[in-house]
1. So, ASP37, is that one surrounded by fewer than 20 Cβ atoms within 10 Å (Cβ to Cβ), more than 16 Å from the chain's Cα centre (by Cα) and modelled with pLDDT of 95 or more or not?
2. Can you run down the residue pairs with Cβ atoms below 8 Å, 6 or more apart or on separate chains, where the first is in the range 144-160 and on the phi < 0 side of the Ramachandran plot and the partner is open to solvent by 80 Å² or more (accessible area, probe 1.4 Å) and of a type in the set (Phe, Trp, Tyr)?
3. In the range 114-151, how many residues are closer than 16 Å to ASN66 by Cα, modelled with pLDDT of 95 or more and not in a strand (DSSP E or B)?
4. It is to be established whether one or more residues within the range 134-142 are without any contact (Cβ under 8 Å) to a residue 60 or more places away in the chain and either surrounded by fewer than 18 Cβ atoms within 10 Å (Cβ to Cβ) or closer than 22 Å to SER34 by Cα (or both).
5. For the range 85-123, give me each residue that is hydroxyl-bearing (Ser, Thr, Tyr) and in contact (Cβ under 8 Å) with a residue 40 or more places away in the chain.
6. The conditions are (1) outside any loop (DSSP other than H, G, I, E, B); (2) more than 13 Å from ASN61 (Cα to Cα); (3) aliphatic (A, V, I, L, M), and ILE169 fails exactly one of them. Which is it?
7. Could you please let me know if GLY129 is over 23 Å from ARG79 (Cα atoms), surrounded by fewer than 18 Cβ atoms within 10 Å (Cβ to Cβ) and small (Gly, Ala, Ser)?
8. Got a number for residues in the range 149-171 being under 15 Å from ALA90 (Cα atoms) and under 16 Å from the mean Cα position of the chain (by Cα)?
Amino acid sequence: MKIEAKIRIFNYVLLSLVGAILLPACQGSADPSSAPDFTLLNLQDESVNLSDYKGQVVLINFFSTNCPPCRVEIPDFIRLQDQYGSKGFAVIGISVDQEGKRILPGFVRALRINYPILLATSKVIMDYGNIYALPASFLIDKDHRILKHYTGMVTKDELEPIIVNALGINE
(Lines give C-alpha, C1' and ligand atoms only; values in the text may rest on other atoms or scores of the structure.)
Protein backbone atom coordinates (compact mmCIF):
# COMPACT_ATOMS: atom_id res chain seq x y z
CA MET A 1 0.00 0.00 0.00
CA LYS A 2 1.34 3.42 -0.93
CA ILE A 3 2.19 5.89 1.81
CA GLU A 4 -0.43 8.41 0.52
CA ALA A 5 -3.18 5.80 0.91
CA LYS A 6 -2.01 4.97 4.45
CA ILE A 7 -1.98 8.65 5.38
CA ARG A 8 -5.47 9.11 3.90
CA ILE A 9 -6.81 6.14 5.91
CA PHE A 10 -5.08 7.38 9.08
CA ASN A 11 -6.56 10.89 8.60
CA TYR A 12 -10.03 9.43 8.03
CA VAL A 13 -9.84 7.29 11.19
CA LEU A 14 -8.46 10.19 13.22
CA LEU A 15 -11.15 12.57 11.97
CA SER A 16 -13.86 10.01 12.74
CA LEU A 17 -12.58 9.54 16.29
CA VAL A 18 -12.33 13.28 16.92
CA GLY A 19 -15.86 13.72 15.57
CA ALA A 20 -17.20 10.93 17.77
CA ILE A 21 -15.59 12.52 20.82
CA LEU A 22 -16.54 16.15 20.11
CA LEU A 23 -20.06 15.73 18.71
CA PRO A 24 -21.73 15.00 22.05
CA ALA A 25 -19.90 17.95 23.61
CA CYS A 26 -21.22 20.30 20.90
CA GLN A 27 -24.82 19.26 21.29
CA GLY A 28 -26.94 21.09 23.84
CA SER A 29 -28.22 19.19 26.83
CA ALA A 30 -31.78 20.45 26.30
CA ASP A 31 -34.30 18.24 24.58
CA PRO A 32 -34.29 19.58 21.00
CA SER A 33 -37.98 18.83 20.62
CA SER A 34 -38.96 20.83 23.70
CA ALA A 35 -39.89 24.49 23.27
CA PRO A 36 -37.59 26.64 25.42
CA ASP A 37 -39.42 28.50 28.17
CA PHE A 38 -39.16 32.27 28.17
CA THR A 39 -40.17 35.32 30.13
CA LEU A 40 -40.82 38.34 27.94
CA LEU A 41 -42.56 41.68 28.38
CA ASN A 42 -45.87 42.39 26.71
CA LEU A 43 -46.92 45.86 25.55
CA GLN A 44 -48.21 46.70 29.03
CA ASP A 45 -44.77 45.93 30.57
CA GLU A 46 -46.08 42.73 32.19
CA SER A 47 -43.99 39.56 32.22
CA VAL A 48 -45.37 36.66 30.23
CA ASN A 49 -43.95 33.14 30.50
CA LEU A 50 -44.43 30.35 28.01
CA SER A 51 -44.96 28.07 31.02
CA ASP A 52 -48.17 30.06 31.72
CA TYR A 53 -49.57 28.29 28.65
CA LYS A 54 -48.83 24.74 29.82
CA GLY A 55 -51.68 22.45 28.77
CA GLN A 56 -52.46 24.54 25.69
CA VAL A 57 -51.46 24.14 22.08
CA VAL A 58 -49.49 27.29 21.21
CA LEU A 59 -48.36 28.94 18.01
CA ILE A 60 -45.30 31.12 18.67
CA ASN A 61 -44.74 33.57 15.84
CA PHE A 62 -41.59 35.68 15.50
CA PHE A 63 -42.35 38.69 13.30
CA SER A 64 -41.50 42.26 12.43
CA THR A 65 -43.88 45.07 11.52
CA ASN A 66 -41.85 45.86 8.38
CA CYS A 67 -41.95 42.26 7.09
CA PRO A 68 -44.62 41.91 4.34
CA PRO A 69 -45.12 38.11 4.73
CA CYS A 70 -45.45 38.62 8.50
CA ARG A 71 -48.30 41.07 7.95
CA VAL A 72 -49.99 38.76 5.45
CA GLU A 73 -50.17 35.80 7.86
CA ILE A 74 -51.50 37.75 10.87
CA PRO A 75 -55.18 37.67 9.76
CA ASP A 76 -54.99 33.85 9.64
CA PHE A 77 -53.59 33.81 13.19
CA ILE A 78 -56.43 36.08 14.33
CA ARG A 79 -58.97 33.65 12.82
CA LEU A 80 -57.27 30.64 14.45
CA GLN A 81 -57.26 32.42 17.82
CA ASP A 82 -60.97 33.24 17.40
CA GLN A 83 -61.88 29.71 16.34
CA TYR A 84 -59.77 27.64 18.75
CA GLY A 85 -58.88 29.98 21.63
CA SER A 86 -61.72 28.68 23.79
CA LYS A 87 -60.66 25.09 23.03
CA GLY A 88 -57.14 25.32 24.44
CA PHE A 89 -55.20 27.02 21.63
CA ALA A 90 -53.22 30.26 21.87
CA VAL A 91 -51.18 32.41 19.53
CA ILE A 92 -48.23 34.36 20.91
CA GLY A 93 -46.61 36.98 18.69
CA ILE A 94 -42.99 37.88 19.44
CA SER A 95 -41.87 41.11 17.81
CA VAL A 96 -38.23 41.54 16.85
CA ASP A 97 -38.73 45.24 16.02
CA GLN A 98 -36.04 47.54 17.42
CA GLU A 99 -38.61 50.21 18.33
CA GLY A 100 -41.30 47.68 19.22
CA LYS A 101 -42.46 49.40 22.39
CA ARG A 102 -43.16 52.57 20.40
CA ILE A 103 -44.60 51.20 17.12
CA LEU A 104 -46.44 48.04 18.17
CA PRO A 105 -49.50 49.53 19.92
CA GLY A 106 -50.64 51.24 16.69
CA PHE A 107 -49.79 48.16 14.64
CA VAL A 108 -51.82 45.91 16.95
CA ARG A 109 -54.81 48.30 16.84
CA ALA A 110 -54.67 48.69 13.06
CA LEU A 111 -54.63 44.93 12.43
CA ARG A 112 -56.98 44.17 15.36
CA ILE A 113 -54.61 41.55 16.72
CA ASN A 114 -56.44 39.48 19.35
CA TYR A 115 -53.49 37.65 20.88
CA PRO A 116 -50.57 38.73 23.08
CA ILE A 117 -47.64 40.50 21.47
CA LEU A 118 -44.34 40.19 23.33
CA LEU A 119 -41.02 41.95 22.87
CA ALA A 120 -38.17 39.69 21.77
CA THR A 121 -34.84 39.52 23.55
CA SER A 122 -31.59 38.27 22.07
CA LYS A 123 -31.87 35.29 24.44
CA VAL A 124 -35.24 34.10 23.11
CA ILE A 125 -34.02 34.57 19.53
CA MET A 126 -30.97 32.39 20.30
CA ASP A 127 -33.00 29.84 22.31
CA TYR A 128 -35.26 29.27 19.32
CA GLY A 129 -32.40 28.50 16.96
CA ASN A 130 -30.97 31.94 16.29
CA ILE A 131 -33.94 33.19 14.26
CA TYR A 132 -32.42 34.53 11.06
CA ALA A 133 -35.44 34.79 8.74
CA LEU A 134 -38.91 36.16 9.30
CA PRO A 135 -41.54 35.15 9.83
CA ALA A 136 -40.60 32.12 11.93
CA SER A 137 -43.27 30.11 13.72
CA PHE A 138 -43.28 27.19 16.13
CA LEU A 139 -46.39 25.12 16.75
CA ILE A 140 -46.12 23.39 20.11
CA ASP A 141 -48.33 20.81 21.79
CA LYS A 142 -49.91 20.79 25.26
CA ASP A 143 -46.64 19.48 26.76
CA HIS A 144 -44.70 22.16 24.88
CA ARG A 145 -42.99 19.83 22.49
CA ILE A 146 -42.35 21.40 19.10
CA LEU A 147 -44.73 19.84 16.59
CA LYS A 148 -43.65 21.92 13.61
CA HIS A 149 -41.25 24.76 12.83
CA TYR A 150 -41.98 27.05 9.91
CA THR A 151 -39.50 29.48 8.38
CA GLY A 152 -41.43 31.81 6.13
CA MET A 153 -45.11 32.49 5.86
CA VAL A 154 -47.57 29.85 7.07
CA THR A 155 -51.32 29.77 6.42
CA LYS A 156 -54.40 28.77 8.37
CA ASP A 157 -54.89 25.88 5.93
CA GLU A 158 -51.45 24.49 6.81
CA LEU A 159 -51.81 24.98 10.56
CA GLU A 160 -55.42 24.03 11.20
CA PRO A 161 -55.19 20.23 10.71
CA ILE A 162 -52.20 20.05 13.07
CA ILE A 163 -53.91 22.27 15.64
CA VAL A 164 -57.14 20.24 15.51
CA ASN A 165 -55.18 17.02 15.93
CA ALA A 166 -53.11 18.41 18.82
CA LEU A 167 -56.27 19.63 20.57
CA GLY A 168 -57.91 16.23 20.08
CA ILE A 169 -60.90 17.77 18.31
CA ASN A 170 -62.89 15.50 16.02
CA GLU A 171 -64.11 17.67 13.17
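1. No; evaluated as a whole, the condition is false for this residue.
2. If the second residue must be open to solvent by 80 Å² or more (accessible area, probe 1.4 Å) and of a type in the set (Phe, Trp, Tyr), no pairs are left.
3. Of the residues in that region, 3 qualify.
4. No: zero hits.
5. The first filter runs over the range 85-123 and keeps only residues hydroxyl-bearing (Ser, Thr, Tyr), leaving 86, 95, 115, 121-122.
Within the range 85-123, THR121 is the sole residue that qualifies.
6. It fails just one condition, (1).
7. It is true that GLY129 is over 23 Å from ARG79 (Cα atoms), surrounded by fewer than 18 Cβ atoms within 10 Å (Cβ to Cβ) and small (Gly, Ala, Ser).
8. Number of matching residues: 3.
The values are calculated or read from the model by the stated rules, or taken from the named source; none is laboratory data. This one's a predicted model, so the numbers in the text were calculated from it and none came from an experiment. Backbone-built Cβ (ideal geometry, glycine too); neighbour counts: all protein chains shown. What goes into the accessible areas is simple: the full protein's heavy atoms, side chains included, and nothing from ligands, DNA or RNA. Shrake-Rupley method; radii C 1.70, N 1.55, O 1.52, S 1.80 Å.
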